[in-house]
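To start, the structure under review is shown below, and the notes come after it.
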Amino acid sequence: MSDKRCYMIVTADLTDRARFLADYARVVPALVTRFGGRYLLQGSGGEFLEGGFCQSPSALVSEWPSRAAALAFWNSPEYAEAKKLREGTGKFQVLLLESA
């Protein structure tokens, strides 16, 4: 198992931003912190310069002390419950990368 820092990169096409922010985004930051992660970047109204899956993506980048920590968060029962709060609010892509 690697102990390299890991980054979770989420791109989203939010179709119900108000519900996403009121429900999912209200709960998840505390979970990220509890599992050792921290947010590095949050933004909306982005522009894909190549590829992409929507016209105006939102993005979030979080940093984790290790792949194991990021996966512990992602696979936790607490996050499984929180993830239900974003259902119907858009389409999401999630990428996990280790630092070089």
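Each value in this text was obtained by applying a stated rule to the coordinates, not by laboratory testing. From a predicted model like this one, the values you see are computed outputs, not experimental measurements. Glycine also receives a Cβ, built like all others from the backbone with ideal geometry; neighbour counts cover every protein chain displayed.
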Let me check I've understood the local charge: for Phe20, count other residues with C-beta under 15 angstrom from its C-beta, Lys and Arg +1, Asp and Glu -1. What total comes out?
+3
Between Ser66 and Leu49, what is the spin-label point distance in nm, taking each point 7 Å from the Cα along the Cα→C-beta axis?
3.5
Grab the beta carbon distance between Gln93 and Thr33, set R0 = 41 Å, and tell me the FRET efficiency rounded to 0.05.
0.95
Hull surface divided by four, with the convex hull built on the Cα atoms of the chain: how many nm²?
6.6
Name the aspartates and glutamates eligible as straight-distance cross-link partners of Lys84: C-alpha to C-alpha under 19 Å, and not fewer than 8 places from it in the same chain.
Asp13, Asp16, Asp23
Quick check: the distance between the Cα centres of the range 3-49 and the range 52-94, to the nearest angstrom?
6
Size descriptor, Kirkwood hydrodynamic radius, that averages inverse alpha-carbon separations across the range 38-77, Å
12.1
So which aspartates and glutamates can Lys4 reach, going by Cα to Cα under 20 Å and dropping same-chain residues fewer than 8 places off?
Glu63, Glu98
Using mean Cβ contacts within 10 Å as the protection proxy, how do 19-29, 39-49 order, highest first?
19-29, 39-49
Let me see the P(r) profile for the range 1-48: every Cα-Cα distance counted, bins of 10 Å, each bin given as a percent of all pairs.
18, 48, 27, 6
